[in-house]
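Below: the structure, in structure tokens.
The values are calculated or read from the model by the stated rules, or taken from the named source; none is laboratory data. Since this is a predicted model, take the numbers as computed values, not measurements. All Cβ positions, even for glycine, are placed from backbone atoms using ideal geometry, and neighbour counts span all protein chains on display.
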Amino acid sequence: MECVFGLVGDGFAVIVADTSAVHSILVHKSNEDKIMILDSHKLLGVSGEAGDRAQFTEYIQKNVHLYQFRNGIALTTAAAANFTRGELATALRKNPYFVNILLAGYDKDIGPSLYYIDYIATLHKIDKGAFGYGSYFALSLMDRHYHSGMSLAEAIDLVDKCITEIRSRLVVAPPNFLIKIVDKDGAKEFAWRESISQA
């Protein structure tokens, strides 16, 4: 019952993901970080098969770093999104990765942006988006309450509303969520929303 969602605010982008690592009816752990810090100003929120998620995100991260080392400049968020989409499209007819991605970033001249990339290599620039079963509730709440230019406090309030709704409405709801943000100061972990503490 994975859930990844995100939105763009005034000078920042937020990505939220559940932290459950599940297989069939078993929960293997409840503190899995599904939001990778791609580079200093990019986040990659991923849902999908655990092996594909780990392998594909690391592959993208290392290639983004390699590009920066070779060329002396970092990829823009749009360029990283297009590279990611290209790699998914290449793999689609050979050995596909079953991953759905929200890529958030902050570029100096452009500001924050969010890209939706699904497992069949669809790419869209969006203001808000979600994947997984929790998306039914997160998207409806974001449709009602989201507006462009949201402050960080408004965005976090909306994120908390989405988490509450997912926990109360989804039959098998993930208990814990991780929130990360990216802004002019870089990509960083913002908060955890836990209903099961990690022992």
Listing of helices (runs of 4 or more DSSP H) fully contained in the stretch 47-156 that carry 2 or more residues being more than 22 Å from Ile37 (Cβ to Cβ): 77-92, 135-145
Residues that are within 18 Å of the chain's Cα centre (by Cα), aliphatic (A, V, I, L, M) and either over 24 Å from Lys42 (Cα atoms) or surrounded by fewer than 16 Cβ atoms within 10 Å (Cβ to Cβ) (or both), drawn from the stretch 174-199: Ala191
Single condition Lys161 does not satisfy, out of (1) closer than 27 Å to Gly51 by Cα; (2) within 18 Å of the chain's Cα centre (by Cα); (3) among the basic types (Lys, Arg); (4) not in a strand (DSSP E or B): (1)
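Restricting to the stretch 103-125, and then to whatever is hydrophobic (A, V, I, L, M, F, W, C) and surrounded by fewer than 16 Cβ atoms within 10 Å (Cβ to Cβ), can you tell me which residue is farthest from Leu75 (Cα to Cα)? Steps first, answer last, please.
Just the residues of the stretch 103-125 that are hydrophobic (A, V, I, L, M, F, W, C), to begin with: 103-104, 110, 114, 117, 120-121, 123.
Then drop every residue that is not surrounded by fewer than 16 Cβ atoms within 10 Å (Cβ to Cβ), which leaves 110, 120.
Numbers: Ile110: 13, Ile120: 23 Å.
The residue in question is Ile120.
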Output for the stretch 169-199, where each listed residue is over 18 Å from Lys34 (Cα atoms) and out of contact with any Phe, Trp or Tyr (no Cβ under 9 Å at 6 or more places or on another chain): Ala199
Subset of the stretch 6-42 that is modelled with pLDDT under 90 and in a strand (DSSP E or B) - its residue that is nearest to Ser113 (Cα to Cα): Ala21
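Please state which one of Ala130, Ala104 is touching a Pro at 6+ places or on another chain (Cβ under 9 Å) and among the hydrophobic types (A, V, I, L, M, F, W, C).
Every option except Ala104 fails the conditions.
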